[in-house]
Amino acid sequence: MSDLPIIELQAVTRRYEEGVRSRLVLDGVDAEVMPGEIVALLGRSGSGKSTLLNLISGIDLPDAGRVIVEGRDITGLAERERTLFRRHRIGFIYQFFNLIPTLTVAENVALPLELVGRPDKGEVSRLLEQVGLAERGDEDPDRLSGGEQQRVALARALIHAPSVILADEPTGNLDAETGAQVMDLLTRLVREQGATLVLVTHSQEVASVADRIWQLADGHIQEARGAPA
C-alpha cells in the first residue's frame, strides 16, 4: 500500500449563493484519505457531506483550494477531463439506487464498462454472483426488492475496478437488517478489491464499519475516531 494519500483536500472552500445570501459550506478544509481506507463522514443535513463527495469526484469544483485524487489535481482539469477521470477511477453508490429502469440488472451493472469501452460479460456475471444475484441478471430492476437493487448498485460501482468508491447514504432507503447486510457486503467487496471508500451516513452504526470517522460541522472536519492501531 502506498504511503501517499489517495485523496487530499487542501484548504478547500465552497459556498453557495442563496438569493442575496451566501452560505459557507466548507471553510478551508484540509483532510487526507490513505489508499484502502474506509472513511465515514457524519454531519447534520445541509452540513456539506454530499458537497464534499461531489468535490472529490470532480462533479463540483471548490471556490478555493485543491482536491487531489491519485496524485492528480482534479481542480485543474477541464470538465471533459474530469468526466473521463470519474468514469475510470470513481465508483458511486446512492441512497435511492439510481438504476436505469429500461436496462436489465446485468445491463445496469455493465454500464460503467460500456462507458470506458471494455465490455466484459464474464466480469458482470462474476460480480452478480458475488452479490447474490446470479440468477437475476435478465430481470428488470423494478422486480427486485430495495436491498437487491442496492446490491445491483454495489456491483455497478465496483465493476470497473475504481480506486475510489463514494457512497452517499447507501443504507438510507433500507430497513436496519437489510442495511446491515448491504454494508457487510460493501465493506467486504471494497476490502477485496483494495479500493478506498468514503461513506456519507447519518447512522453511527453504519459509520462503525469505518477505519476513521469524520464529523463535518460549521464548515470544518473533525476526526471523531482514528484508524485502529
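Bear in mind that the values in this text are calculations on the coordinates, not laboratory data. Predicted model only: the values in this text are computed from it and were never measured. So basically every Cβ, Gly included, is an ideal-geometry build from the backbone, and we count neighbours across all protein chains shown.
Using only DSSP helix segments of four residues or longer, with each worth -39500 (n - 2.57), what per-residue ellipticity at 222 nm results for the chain after dividing by its residue count and rounding to 500? Please list the in-between numbers first.
Working: 7 runs with 76 residues, N = 229.
Per the formula, -10000 deg cm²/dmol.
How many nm is it between the label spots at Asp211 and Glu177, if each spot is 7 Å from the Cα in line with the beta carbon?
For the pair Asp211/Glu177, the computed spacing is 3.3 nm.
Rounded to the nearest 20 debye, what is the charge dipole size of the chain about its Cα centre when +1 sits on each Lys and Arg Cβ and -1 on each Asp and Glu Cβ? All intermediate terms of the calculation are to be shown ahead of the outcome.
Numbers: 24 positive and 35 negative charges, 75 e Å.
Once rounded to the nearest 20, the dipole reads 360 debye.
For the chain, with a Gaussian network of springs between Cα atoms less than 10 Å apart, report the residue from Leu174, Leu52, Leu26 with the top mean-square fluctuation.
Answer for the Gaussian network model of the chain: Leu174.
For a quick check, take a GNM of the chain with Cα springs below 10 Å and name the residue from Val190, Val116, Val206 with the largest mean-square fluctuation.
Val116
Compute the Rg to Rh ratio over segment 97-229 from the alpha carbon atoms, using the Kirkwood formula for Rh, and round to two decimal places.
0.99
Would you indicate which of (i) 0.99; (ii) 1.15; (iii) 0.96 is the value of Rg/Rh (Cα atoms, Kirkwood Rh) derived from the coordinates of this structure?
Entry (iii).
Using the charge dipole of segment 124-224 (Lys, Arg: +1 at Cβ; Asp, Glu: -1 at Cβ; taken about the Cα centre), state which of Ala161, Gly172, Thr187 has its Cα farthest towards the positive end.
Final value for the positive-end residue is Ala161.
Considering the options Thr75, Asn54, Gly43, tell which one lies farthest towards the positive end of the dipole of segment 43-87, charges being +1 on Lys and Arg and -1 on Asp and Glu at the Cβ, about the Cα centre.
Among Thr75, Asn54, Gly43, the one farthest towards the positive end of the dipole of segment 43-87 is Gly43.
Report the one residue of Ala110, Val152, Thr13 whose Cα lies farthest in the direction of the positive end of the charge dipole of the chain (charges on C-beta: Lys and Arg +1, Asp and Glu -1; origin at the Cα centre).
Towards the positive end, the residue furthest out is Thr13.
Only residues of segment 108-131 count here: report those whose backbone N is under 19 Å from the spot 7 Å along Cα→Cβ of Arg188, or say none.
Hits in segment 108-131 for Arg188 at 19 Å: 124-131.
Can you give the relative contact order of the chain as a percent, counting alpha carbon pairs under 8 Å and 6+ residues apart?
Details: 439 pairs, mean separation 63.0, N = 229.
Value for the chain: 28 percent.
Only counting other Cβ atoms within 10 Å, I'd like Met183, Met34 sorted with the fewest neighbours first. Spell out each step's value before the answer.
Values: Met183 22, Met34 17.
The order, fewest Cβ neighbours first, is Met34, Met183.
With springs only between Cα atoms under 10 Å, which of Leu24, Leu41, Leu99 fluctuates most in a Gaussian network model of the chain?
Among Leu24, Leu41, Leu99, the largest mean-square fluctuation in the Gaussian network model of the chain belongs to Leu24.
Taking the DSSP beta bridges in the chain as the whole, what percent of them are antiparallel, to the nearest 5? Intermediate results must be reported in sequence, preceding the final value.
Numbers: 21 of 39 bridges.
Bridges in the chain are about 55 percent antiparallel.
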